[in-house]
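Reading through the structure tokens given below for one structure.
The values are calculated or read from the model by the stated rules, or taken from the named source; none is laboratory data. None of these values were measured; they are calculated from a predicted model. Heads up, the Cβs are rebuilt from the backbone with ideal geometry, glycines too, and the neighbour counts pull from every protein chain shown.
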Amino acid sequence: MSSYGLSLLLAIIACVIGGALGGLTLARPGAVLGLTAPDADGRTEGRALGGLLILSHAAAALFLGYQSHVGAAMAFALAMAWLGAALGRTVSALVDRARDRLNLGNLAFEILIAVTLSLPFFNAGRLVVLRGHGMLV
């Protein structure tokens, strides 16, 4: 498997993880967002975030599989969103002194997802499809 094919596979896996996180946020917005007793507005915002995560990651994964160059650009946009979340968490750790273990673990997770989603964008290549032999990378 070429490095481009591997980067596509890893980005699709990152999309599945992001979509699963969206599903958890959609189902239980208070638990994922760290709210103890979310009011109606908190649940609505949490579910909106969950839907956003599910559909954005699903669309990127779909295009990574069928139109890899378009999918690479979509995954890169998602990577920038995850990097923005990591930046916000870093500012929170510095300004609010929120440096507990969970916060630092989430920071590492967000950075890893961002790096993984950006791999196809920086690893330009092409997939070769041979008729009757499946897809070779």
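The figures follow:
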| quantity | calculated |
| --- | --- |
| Condition check for residue 108: modelled with pLDDT of 75 or more and either charged (D, E, K, R) or surrounded by 15 or more Cβ atoms within 10 Å (Cβ to Cβ) (or both) | no |
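A quick yes/no check of all residues on (1) of a type in the set (S, T, N, Q); (2) surrounded by fewer than 16 Cβ atoms within 10 Å (Cβ to Cβ); (3) free of Cβ contacts under 8 Å to residues at least 40 places away in the same chain:
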{"site": "44", "(1), (2), (3)": "yes, yes, yes"}
{"site": "51", "(1), (2), (3)": "no, yes, yes"}
{"site": "54", "(1), (2), (3)": "no, no, yes"}
{"site": "57", "(1), (2), (3)": "no, no, no"}
{"site": "74", "(1), (2), (3)": "no, no, yes"}
{"site": "81", "(1), (2), (3)": "no, no, yes"}
{"site": "85", "(1), (2), (3)": "no, no, yes"}
{"site": "92", "(1), (2), (3)": "yes, yes, yes"}
{"site": "100", "(1), (2), (3)": "no, yes, yes"}
